[in-house]
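Read the structure below first, then the notes.
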Amino acid sequence: MKNYIFYLFVSLLFFSCESNNRETKNIDADVATTDAVTTDVQLKINVVDENKEPLPGATIIVEDTEYGATSDFDGNATLSIPYSKDHKEVNLQVSYIGFEPKTETVALNSSSESITVILKE
């Protein structure tokens with residue numbers, strides 16, 4: 001009788017572990033599919049004035065999104081923007097106190113882009 005109960009317990013334990021493994025595999029497959037659809041593009045922006053002097057603290061906002069950055073001491077900023085086949089370009093709104101704001105359209109590829117934005121006083 002003890003052997004029968006032991007084998008029954010082991011069988012139930014085995015089948016419950018097996019069903020949990022199947023669920024985990026399905027979840028992993030869904031995550032892998034989602035990750036393959038979009039990737040991030042590293043957008044490097046250099047903000048300068050007409051004399052090519054860096055503008056630290058310039059504000060860069062990706063139009064119609066929640067993405068934005070502020071330039072560092074050298075006028076550089078980096079944005080990580082989701083890239084997909086349906087989203088191939090973005091409009092950047094760049095502004096700095098005492099300068100005219102500027103909107104730049106940037107075409108995205110699947111890796112990274114680097115641009116320089118020149119603001120006028």
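The values are calculated or read from the model by the stated rules, or taken from the named source; none is laboratory data. Because the structure is predicted, anything quoted here is derived from the model rather than measured. Every residue, glycine as well, gets a Cβ built from its backbone with ideal geometry; the counts of neighbours run over all protein chains shown. Quick note on the areas: whole protein, heavy atoms, side chains included, nothing else; ligands and nucleic acids left out. Shrake-Rupley method; radii C 1.70, N 1.55, O 1.52, S 1.80 Å.
Would you pick out the residues in region 43-71 that are part of a loop (DSSP other than H, G, I, E, B) and either touching a helix residue (DSSP H, G or I) at 6+ places or on another chain (Cβ under 7 Å) or over 22 Å from LEU108 (Cβ atoms) (or both)? Let's see the steps before the verdict.
So in region 43-71, the residues part of a loop (DSSP other than H, G, I, E, B) come out as 50-53, 55-58, 63-67, 71.
Of everything in region 43-71, those that are part of a loop (DSSP other than H, G, I, E, B) and either touching a helix residue (DSSP H, G or I) at 6+ places or on another chain (Cβ under 7 Å) or over 22 Å from LEU108 (Cβ atoms) (or both) turn out to be GLU50, ASN51, LYS52, GLU53, LEU55, PRO56, GLY57.
If I ask for residues that are of a type outside the set (Val, Ile, Thr), closer than 20 Å to LEU55 by Cα and assigned to a strand (DSSP E or B), which ones from region 110-121 would you list?
Selection gives GLU113, SER114, LEU119.
Among the residues of region 77-109, write down those that are in a loop (DSSP other than H, G, I, E, B) and open to solvent by 80 Å² or more (accessible area, probe 1.4 Å).
Taking region 77-109 first, the residues in a loop (DSSP other than H, G, I, E, B) are 85-86, 88, 96-101, 108-109.
Selection gives LYS85, ASP86, LYS88, ILE97, GLU100, PRO101.
Is it the case that region 55-72 has a residue that's open to solvent by less than 70 Å² (accessible area, probe 1.4 Å) and in contact (Cβ under 8 Å) with a residue 60 or more places away in the chain?
yes
Taking the conditions exactly as written (modelled with pLDDT of 95 or more and on the phi < 0 side of the Ramachandran plot), does SER71 satisfy them or not?
yes
Of all residues in region 110-121, which are open to solvent by 60 Å² or more (accessible area, probe 1.4 Å) and within 21 Å of GLN42 (Cβ to Cβ)?
Correct list: SER110, SER111, SER114, THR116.
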